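The values are calculated or read from the model by the stated rules, or taken from the named source; none is laboratory data. Bear in mind the structure is a predicted one, so any value in this text is a computation, not a measurement. Note: ideal-geometry Cβ built from the backbone for every residue, glycine included; neighbour counts use all protein chains shown. Ligands, DNA and RNA are stripped out before the accessible areas are found, and what is left, the full protein with its side chains, is counted by its heavy atoms. Shrake-Rupley method; radii C 1.70, N 1.55, O 1.52, S 1.80 Å.
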Amino acid sequence: MRTILTADRDAMGRWVAEAAAADLRQAIQANGKANLVVATGSSQFEVLGELVKQPDIEWSRVHGFHLDEYVGISSQHPASFCKYLKERFVDHVPLASFEYLQGDRDPAETINRAAALLANSPIDLALVGIGENGHLAFNDPPADFSTEQPYLLVELDEPCRQQQVGEGWFASLEDVPTHAISMSVRQILKAAKIYCSVPDQRKAAAVQATLEDDVSPQVPASILREHPQATLVIDAAAASKLSAATLSALERVQ
Ligand code: GLP
């Protein structure tokens, strides 16, 4: 895994969007199409905001896939990831297709449908983030590093649910759904390239564990270190708990 340190979250978003755009152009040139996984959450605000402005991407050849969604909320709910992705990505670019995970449908049916599509859609590029608890998508610790099922019905742990209240998506912990549909760790790792964007002081402990602890289901994002084409992109605040040795090894961009 490559790790890049940017000055702030705007620089992080620009760097990831430019790199992702280059990968999308290359995949389209090589295969006539590109399969892209997109995430949500505050970490993706700048990434998606910049990605939709990138030039010379034949969006009509890009198929979009949805990383995770709460179970039991509709696409009208302010915290819905369907709503988030529609407003911040899908409405801005003329995609060939976008496969939403719809939170108010039967989870088993949604999982089966998305899994069947993925079986014939090798992913070129996945844009992901990590949670305050180190989760990758909604794979909270201890994450299942072995299941080959593409999407899982998962129970959300309290730190994860508390983060959503802290970010203002829900009024109280009781309002946060207890379950979600999440792309599995193994499925995320099948992407040819992965960009993991992590800004903010709130993520400093998770970033430290991801880079400095052992690779372990207790730190789900640590598995990215085993992917040859994964890039972790952090800002200065998210890097604030790293050791001097780790910091000195990071690539720095403006
Ligand atoms: C969130 C979402 C993911 C996202 C990750 C980081 O809870 N389930 O789609 O990649 O966890 O999100 P955030 O940027 O809000 O910390």
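Points to keep in mind about this one:
- Rounded to 5, percent antiparallel among DSSP beta bridges of the chain: 30
- Note that the range 1-128 presents 43 Å² accessible area per residue, ligands and nucleic acids not counted, probe 1.4 Å.
- For HIS179, residues with placed amide H under 5 Å, excluding near neighbours: VAL71, LEU156
- Cα-based radius of gyration of the range 1-53 once divided by 2.2 N^0.38 Å, which approximates compact folds: 1.21
- Candidates PRO94, PRO150, PRO220: whichever shows maximal mean-square fluctuation once the chain is modelled as a Gaussian network with Cα springs under 10 Å: PRO94
- Where labels lie 7 Å past Cα in the beta-carbon direction, separation of GLN162 and SER248 in nm: 3.6
- Rg then Dmax, both in Å and based on the Cα atoms of the range 1-109: 14.6, 43.
- Annotation: extensible slack from GLU148 through HIS92 equals 16.9 nm (criterion: 0.36 nm per residue apart, minus Cα-Cα distance).
- Counted residue by residue at 0.36 nm each, then reduced by the alpha carbon distance between them, the extension gain from ARG2 to VAL52 reaches 15.6 nm.
- Centre-to-centre separation between the Cα atoms of the range 5-80 and those of the range 193-229: 19 Å.
- What you get for the chain, charging only the Cβ of Lys and Arg (+1) and of Asp and Glu (-1), is a dipole of about 700 debye around the Cα centre.
- When the convex hull of its Cα atoms is viewed from all sides, the range 129-254 shows a mean projected area of 7.9 nm².
- Considering only the range 68-216, percent of DSSP beta bridges that pair antiparallel, nearest 5: 70
- Chain lengthening between ARG105 and ALA22 when straightened (0.36 nm per residue, less Cα-Cα): 26.4 nm
- Ratio of the Cα radius of gyration of the chain to 2.2 N^0.38 Å, where N counts its residues: 0.93
- Restraint check, LYS83/LYS203; LYS86/LYS241; LYS83/LYS241, Cα-Cα greater than 31 Å: LYS86/LYS241; LYS83/LYS241
- Within the accessible area of the chain, the carbon and sulfur atoms contribute 47%, probe 1.4 Å, all protein chains present.
- Inter-site label distance for SER60 and ALA115 at 7 Å from Cα along Cβ, in nm: 3.5
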